[in-house]
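**Q** Below is the structure I would like to discuss, written out as structure tokens.
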Amino acid sequence: MNADTRARVEAFRRALELAAYDRSAEPVPSVWRDCLKAFPLGCCELASQTLAEYLREDDSNLHPYIIAMAWTENAGNHGHVLVALDGEYIDLTLDQFDGYDEWVVAEPIESGGQLGTFMQKVRNQGGTFTTRKRTFDGIPDQACNLYTWLKEVANSQLAASGQGRVPDSIPPLVSTEILPQYRAAAVAGTSDTATQVTGQKKQRPMTHVGIITECYRPREVRLRETNTQWVSECGLRFRKDTGAAAGSGVWSANRLDLKSIREIQSED
């Protein structure tokens with residue numbers, strides 16, 4: 001994945017987070033807030049379908065497609081959905097599962113990375129994989145309006161950070177061919193509901209507050225601590241050693257002021 005496409009994927013994930021949390025009052029109707037209130041939990045279909053449209057619409061040379069997986073475990077039916085693009089998997093909601101902490105996961109197909117490991121577990125449980133029609137049918141109540149809002153917010157994130165594509169800068173793709181193992185099983189029906197998945201994370205408590213600077217605008221957020229990162233309530237991640245946004249350079253414009261961090265005091 002080139003740097004421009006990666007920036008667009010990350011900006012779109014951020015737009016979904018804003019719709020779910022900090023700017024949840026903006027997208028209407030309220031049913032969207034109900035769908036996104038536990039983001040990324042249970043939001044794989046919505047995130048994948050809207051991301052695929054965003055990537056396709058931005059550049060006619062991009063041909064994302066949707067991969068749906070389904071499996072049965074402990075007498076329960078489970079499912080997950082992600083995007084495939086130019087020989088890579090892209091998953092905006094893998095961090096809803098225990099053991100997966102990256103908020104955007106992208107890796108070459110069948111490379112044995114986090115997504116490859118996850119998908120192998122599904123195969124080992126007799127799971128199935130199909131391509132799914134790119135559609136908003138599984139997103140309730142005027143999904144195109146929600147997509148328009150997400151697109152505008154993602155574009156504004158790119159503009160504010162100085163990222164984004166210079167016209168004609170993206171080289172032609174090596175191939176737009178859908179892999180045979182997925183093409184043969186393509187389906188054109190409406191999207192399944194894929195919200196019940198074994199191993200989904202419980203909401204973890206926020207234990208601290210701190211000041212983050214996002215696109216040069218400071219604001220206070222609630223945080224929780226991992227071994228190497230501080231994670232905000234909406235999923236932003238910052239390195240504990242430098243305060244820079246995870247996945248960025250040391251001098252990232254998006255960063256956490258480490259000196260501002262303080263523990264949330266109990267009201268007891």
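Please treat every number below as a calculation from the coordinates, not as lab data. Nothing here was measured: the structure is a model prediction, and the numbers come from that model. With ideal geometry, Cβ positions are generated from the backbone for all residues, glycine too; neighbour counts draw on all protein chains shown.
**Q** Do we find a residue being closer than 26 Å to GLY112 by Cβ and more than 15 Å from the chain's Cα centre (by Cα) anywhere in the range 36-51?
**A** no
**Q** Here are some residues: ARG33, ARG13, ARG6. Which one is buried (at least 17 other Cβ atoms within 10 Å of the Cβ) and part of a helix (DSSP H, G or I)?
**A** ARG13
**Q** Taking LEU18 and the conditions (1) closer than 26 Å to PHE129 by Cα; (2) aliphatic (A, V, I, L, M); (3) assigned to a helix (DSSP H, G or I), which numbered condition does it fall short on, given that it satisfies the others?
**A** (1)
**Q** Still on this structure: So which residues in the range 83-114 are within 22 Å of ALA154 (Cβ to Cβ) and hydrophobic (A, V, I, L, M, F, W, C), if there are any at all?
**A** Selection gives VAL83, ALA84, LEU85, ILE90, LEU92, LEU94, TRP103, VAL104, VAL105, ALA106.
**Q** Of the residues in the range 1-27, how many are in contact with a helix residue (DSSP H, G or I) (Cβ under 8 Å, 6 or more places away or on another chain) and touching a residue at least 60 places away in the same chain (Cβ under 8 Å)?
**A** Matching residues across the range 1-27 total 17.
One line per residue, one yes/no per condition, for (1) crowded, with 22+ Cβ neighbours inside 10 Å; (2) under 13 Å from LEU92 (Cα atoms); (3) free of Cβ contacts under 8 Å to residues at least 24 places away in the same chain; (4) polar (S, T, N, Q):
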{"residue": "GLY42", "(1), (2), (3), (4)": "no, yes, no, no"}
{"residue": "GLU45", "(1), (2), (3), (4)": "yes, yes, no, no"}
{"residue": "SER48", "(1), (2), (3), (4)": "yes, yes, no, yes"}
{"residue": "ALA52", "(1), (2), (3), (4)": "yes, yes, no, no"}
{"residue": "GLU57", "(1), (2), (3), (4)": "no, no, no, no"}
{"residue": "HIS63", "(1), (2), (3), (4)": "no, no, no, no"}
{"residue": "THR72", "(1), (2), (3), (4)": "no, no, no, yes"}
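**Q** Counting just the residues of the range 92-137 that are in a strand (DSSP E or B) and touching a residue at least 40 places away in the same chain (Cβ under 8 Å), which one comes out surrounded by the most Cβ atoms within 10 Å (Cβ to Cβ)? So that I can check it myself, show each step before the final result.
**A** Kept after step one, since they are in a strand (DSSP E or B), are these residues of the range 92-137: 97, 105-108, 128-132.
Going one step further and asking which of them are touching a residue at least 40 places away in the same chain (Cβ under 8 Å), we end up with 97, 106, 128-132.
Numbers: PHE97: 19, ALA106: 21, THR128: 13, PHE129: 15, THR130: 16, THR131: 20, ARG132: 24.
Selected residue: ARG132.
**Q** Right, something else. In the range 37-65, which residues are assigned to a loop (DSSP other than H, G, I, E, B) and of a type outside the set (Ser, Thr, Tyr)?
**A** LYS37, ALA38, PHE39, PRO40, LEU41, GLY42, CYS43, ASP59, ASN61, LEU62, HIS63, PRO64
**Q** For the range 89-121, name all the residues that are farther than 30 Å from GLU225 by Cα and in contact with a strand residue (DSSP E or B) (Cβ under 8 Å, 6 or more places away or on another chain).
**A** Within the range 89-121, ILE109 is the sole residue that qualifies.
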